[in-house]
Amino acid sequence: MSKHLGALALVLALLGCTDMERAINPPLAAGARNAGYGLEDVNAAGGRSDLLIFVAFSGGGKRSAAFGHGALRGMRGVPITRGGVSSTLLEEVDQVAGVSGGSFTATHYALYGARSFDTFPNEFLYRDIAAYVWGTYLLPWQWGWLVDPAVGTNDRMAEVYDALMFRGATFRDLQARSRPRLSINATDLATGSPFPFLPHAFDVICSDLSRFSLARAVAASNGFPLLFTPITLANHRGPDCAAPLPGNLATMPMLAEYNRRRVIEVVARMADRERTPWLHLLDGGISDNLALRVTVNFALLGGVDEPRFAAAMLPVRRMLMISVDGQSATDPALSRQRMANGVVQILDAVSGGQIDNYNLETLAVTAVEVERMVERQRANRCAHAPVIDGHRCDDVAGRLVHVSLADVRDPALRDRLRRVPTGLTLPREDVDALVAAGEGVIRESRPLADFLAEPPPGRVVARPIRSAPR
């Protein structure tokens with residue numbers, strides 16, 4: 001018996017002997033910074049120059065991933081004919097952001113484009129991902145995380161996602177594709193703040209985003225607490241680091257005062273290597289389950305008030321932010337039970353209820369920030385010229401449109417889909433129904449159709465309104 005135990009210990013030790021440099025985020029080269037993936041670069045790389053579109057995919061496991069995939073499919077059928085130039089909503093998307101389950105959808109589409117519509121279902125949506133999670137804990141040859149403190153359960157899941165979908169791809173591969181820009185959002189465990197895998201966030205910790213694995217970023221975003229260990233990043237900032245910190249935070253008019261103070265605090269903490277030598281990242285849904293706050297607060301911090309950014313964005317007259325929310329339903333059955341002692345049931349109720357309440361606040365805050373984006377863009381344009389590309393400088397409008405499973409018109413289907421559990425394995429029929437639902441709510445969205453039509457000059461609409469059938 002002792003020989004068998006000794007052999008097992010040797011196997012585990014060998015499994016634990018991993019290359020730490022492979023797992024840790026690489027530093028920037030001396031004098032370098034993360035460049036070429038800014039929002040102004042992406043907007044200039046294709047699509048309409050007068051239209052800026054963000055799409056954010058919520059958390060919610062495979063339920064949200066399938067619903068979001070359907071929403072992307074639906075965007076192919078939403079026409080845009082402004083100014084006599086025809087395109088589709090999907091062709092005009094400049095940035096996709098994903099959190100938790102939504103990060104799978106956003107990342108796969110950003111990496112593969114139209115090919116994702118053919119391959120994503122078989123590579124992820126129909127796969128039994130939960131079996132890999134169980135295998136991480138139950139299969140002895142996957143127990144390297146038990147003996148090596150530098151390796152965790154989510155490192156194993158990153159390998160799974162890479163094998164199934166991303167095949168060694170890094171952010172350099174996304175930069176080569178250019179559009180749409182991708183923001184994968186996780187949560188910094190120490191502060192509870194959102195952390196986006198974006199160039200300016202990696203500039204703060206002097207790390208080379210282009211060499212970072214997409215699979216590891218997705219694993220961090222989907223790292224459900226307790227079930228998975230954090231994905232850890234090293235802070236490489238030091239005297240030799242030339243990557244700039246966001247320099248305009250203290251006076252930045254883009255953010256409301258309470259948001260600005262929080263962002264300044266988080267950036268200052270990350271930039272102090274002595275205080276923060278490591279960042280431990282978990283599920284992005286902890287801090288922002290809609291992927292909206294980080295999109296507004298961080299995605300635009302890479303130079304909103306810098307001359308280059310302002311000049312490149314002068315043609316933009318319309319800003320659209322679409323929140324694709326695979327929200328679940330609350331469970332009223334709890335109120336009819338004498339005892340509520342199931343661990344899973346209680347965790348679902350507590351986390352789900354808090355997330356739903358926080359989502360309402362997030363939508364309200366985002367609506368305010370979209371309006372600020374509009375006001376700032378008007379000021380930028382009118383400081384340049386009274387008329388730009390044949391339009392008045394103040395002809396700028398923005399809107400936040402929120403679509404969710406609550407917009408499914410059939411009450412029975414809506415109730416069924418909202419009660420699909422949060423997890424990484426779903427029956428094929430549920431996946432297909434969720435995909436069809438996502439496609440339908442986008443195609444039938446009156447707010448989207450209204451905004452994409454040419455509105456009266458100078459109109460500003462930035463209210464968090466729910467999609468309604470046409």
Checklist outcome for this item: Extension length gain for Ser178 and Val387 (0.36 nm per residue less Cα distance), in nm, is 72.3 nm
Item to check | Full-extension gain in nm, Ala379 to Asn122, via 0.36 nm per residue minus C-alpha separation | outcome: 87.8 nm
Item to check | Residues Ala114 and Ala364, FRET efficiency given R0 of 45 Å [Cβ-Cβ distance, rounded to 0.05] | outcome: 0.80
Checklist entry - Dipole magnitude of the range 121-184 about its Cα centre, charges +1 at Lys/Arg Cβ and -1 at Asp/Glu Cβ only, in debye to the nearest 20? => result 400
Item to check | Loop-located chymotrypsin sites (Phe, Trp or Tyr not before Pro) in the range 65-134, at most 15 other Cβ atoms within 10 Å (DSSP) | outcome: none
Checklist outcome for this item: Taking a ≥ b ≥ c as the square roots of the Cα gyration tensor eigenvalues, with a/c under 1.5 meaning rounded and otherwise prolate when a/b beats b/c or oblate if not, the range 92-201 comes out oblate
Item to check | ³J(HN,Hα) computed for each position of the range 202-212 - Karplus, 6.51 cos²θ - 1.76 cosθ + 1.60, integer Hz, glycine/proline x | outcome: 6, 4, 4, 9, 6, 10, 8, 5, 4, 9, 8
Checklist entry - In terms of modelled amide H atoms, which long-range or inter-chain residues lie less than 5 Å from the amide H of Thr170? => result Leu214
Next on the checklist: Can you compute 3J(HN,Hα) from phi for each residue in the range 123-130, using the Karplus curve 6.51 cos²θ - 1.76 cosθ + 1.60 with θ = phi - 60°, rounded to whole Hz and x for Gly and Pro?
Outcome noted: 6, 9, 4, 8, 7, 8, 5, 4
Item to check | Rounded to the nearest 10 Å², the accessible area of Leu146 at probe 1.4 Å | outcome: 100
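The values are calculated or read from the model by the stated rules, or taken from the named source; none is laboratory data. Keep in mind it's a predicted model, so treat the numbers as computed, not measured. Quick reminder, even Gly has a Cβ in these numbers, built from the backbone with ideal geometry, and neighbours come from all protein chains shown. Remember, those area values only see protein heavy atoms, side chains included, never the ligands or the DNA or RNA. Shrake-Rupley method; radii C 1.70, N 1.55, O 1.52, S 1.80 Å.
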